[in-house]
Amino acid sequence: MKNDFAKHVTGFFSNYLSAERGVSPNTMRSYGAAFASFLDFMKEKKGTAAERLTLDHINRKNVLEFLDWIQSGGCSVSTRNQRLAALHAFCKYMQYEDVGHLQQWQEVMSIKIKNTIKGTMNYLTLDGMKHLLSVIPTNTRRGRRNLALLSTLYETGARVQELIDLRPVDISLNQPCHAVLFGKGRKKRIVPLQDAHVELLKSYMEENCLLEEHVNQRPLFQNDRGGKLTGAGITYILKNYASMARGTSSDLIPEKISPHTLRHGKAMHLLQAGLNLVYIRDILGRVSIQATEVYARAYSKQKREAMEKIYVPLIPQSTEESSSWEKDPELKTWLKSLGKG
């Protein structure tokens, strides 16, 4: 097979993903990282530089070895699955671009996604959220930005990338006040904003001259150079204040915290307030109601544990030791003999 790997990878990203499927920038970045990692593997473990790669190298054996390689290097199962998803998508594309090697593409596509172990849901209570926001100093411009940023992250239940992509034009400060978020697949949703948060956002936008029409396409929350913040940057901001808050009230702030912790917290607080799961799904931008049921299960577990703490046993316990069959050796011998020839 001729050296047309680069041509087909370029077509996959430029024509298929971008133009035909219109995938989100997040997906493009994730798939790009997967191919960059695969190139590193082929160079380090197979001795094949990027310029020498052909489509023959995208085969089941190499892909399986690549997946083992990234996991042995410390990548999580989730990251492994993301890398495999990118290669699956490429092979699905190649089924139509290179029909002559259909078996090769389908062999790669037959590699299974690994199951991940789901941990317990990590979220902030209402008191925890209030305490976290209370430690943010408001006597500096950066502190006021961070207060507006983290409160918006919580108030909208946004994913961190959705917050990064927010622009002034996406915020409506007129009744009914709301934020327009663009989620996975560029799906748009409208999230209502409460009055207290609207006042905070309005003050922040006025201070940073973000209410002017000519700046309404700029990032709502900017770094020192006026550009977009990164997910890592927002996580750093959150963890910094979480560490401060934990110092004065460790029971309210979990050790592990991320921007998604605030999203989970918002969902749980809406559920505890009695909001229907359908509305919570719409606010979070979930695909299905089933994806939102995790909050209902967590809430049920929370209520059950609370009830168990205050449970008072009412049924009288038997005090007659001799009445228990477990104390009767002859009965136990007879039970064990059942089923024997």
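Among the residues making up the stretch 30-77, those that are more than 16 Å from HIS8 (Cβ to Cβ) and hydroxyl-bearing (Ser, Thr, Tyr) are SER30, SER37, THR48, SER72, SER76. Selection of helices (runs of 4 or more DSSP H) fully inside the stretch 4-103 by the criterion of at least 1 residues being touching a helix residue (DSSP H, G or I) at 6+ places or on another chain (Cβ under 8 Å), under 22 Å from LYS114 (Cβ atoms) and modelled with pLDDT of 90 or more returns 25-46, 60-72, 77-97. Kindly indicate whether LEU149 is surrounded by 13 or more Cβ atoms within 10 Å (Cβ to Cβ), within 30 Å of PRO219 (Cβ to Cβ) and modelled with pLDDT of 95 or more. Answer is yes for this residue. Take ALA232 and tell me if it is out of contact with any His (no Cβ under 7 Å at 6 or more places or on another chain), in contact (Cβ under 8 Å) with a residue 60 or more places away in the chain and either part of a helix (DSSP H, G or I) or exposed (fewer than 14 other Cβ atoms within 10 Å of the Cβ) (or both). No; evaluated as a whole, the condition is false for this residue.
Counting only residues that are among the aliphatic types (A, V, I, L, M) and farther than 22 Å from ARG159 by Cβ, the stretch 243-282 holds 3 of them.
Of all residues in the stretch 53-74 being surrounded by fewer than 16 Cβ atoms within 10 Å (Cβ to Cβ) and without any contact (Cβ under 8 Å) to a residue 40 or more places away in the chain, which is farthest from the chain's Cα centre (by Cα)? Out of the qualifying residues, it is LYS61. Within the stretch 75-108, the residues that satisfy the criterion of being among the hydroxyl-bearing types (Ser, Thr, Tyr), closer than 20 Å to VAL23 by Cβ and open to solvent by 40 Å² or more (accessible area, probe 1.4 Å) are SER78, TYR96. When restricted to residues that are open to solvent by 30 Å² or more (accessible area, probe 1.4 Å) and assigned to a helix (DSSP H, G or I), the stretch 155-169 contains 3. Within this structure, ASP251 passes the test of being open to solvent by 60 Å² or more (accessible area, probe 1.4 Å) and free of Cβ contacts under 8 Å to residues at least 12 places away in the same chain. Of everything listed in (1) in contact (Cβ under 8 Å) with a residue 40 or more places away in the chain; (2) open to solvent by 10 Å² or more (accessible area, probe 1.4 Å); (3) among the hydroxyl-bearing types (Ser, Thr, Tyr), the single unmet condition for SER172 is (1).
Residue count for the stretch 188-203 satisfying the condition of being among the charged types (D, E, K, R) and either open to solvent by less than 50 Å² (accessible area, probe 1.4 Å) or more than 20 Å from PRO219 (Cβ to Cβ) (or both): 3. Please go through the stretch 1-26 and give me each residue that is open to solvent by less than 50 Å² (accessible area, probe 1.4 Å) and without any contact (Cβ under 8 Å) to a residue 40 or more places away in the chain, ordered by number. Within the stretch 1-26, PHE13 is the sole residue that qualifies.
Matching residues to (1) of a type in the set (S, T, N, Q); (2) at pLDDT below 85; (3) in a loop (DSSP other than H, G, I, E, B):
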position	(1), (2), (3)
THR261	yes, no, no
ALA267	no, yes, no
ARG286	no, yes, yes
TYR299	no, yes, no
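The values are calculated or read from the model by the stated rules, or taken from the named source; none is laboratory data. For clarity, every value in this text was computed on a predicted model and none was experimentally measured. Backbone-built Cβ (ideal geometry, glycine too); neighbour counts: all protein chains shown. Surface areas here come from the heavy atoms of the whole protein model, side chains and all, with no ligands, DNA or RNA. Shrake-Rupley method; radii C 1.70, N 1.55, O 1.52, S 1.80 Å.
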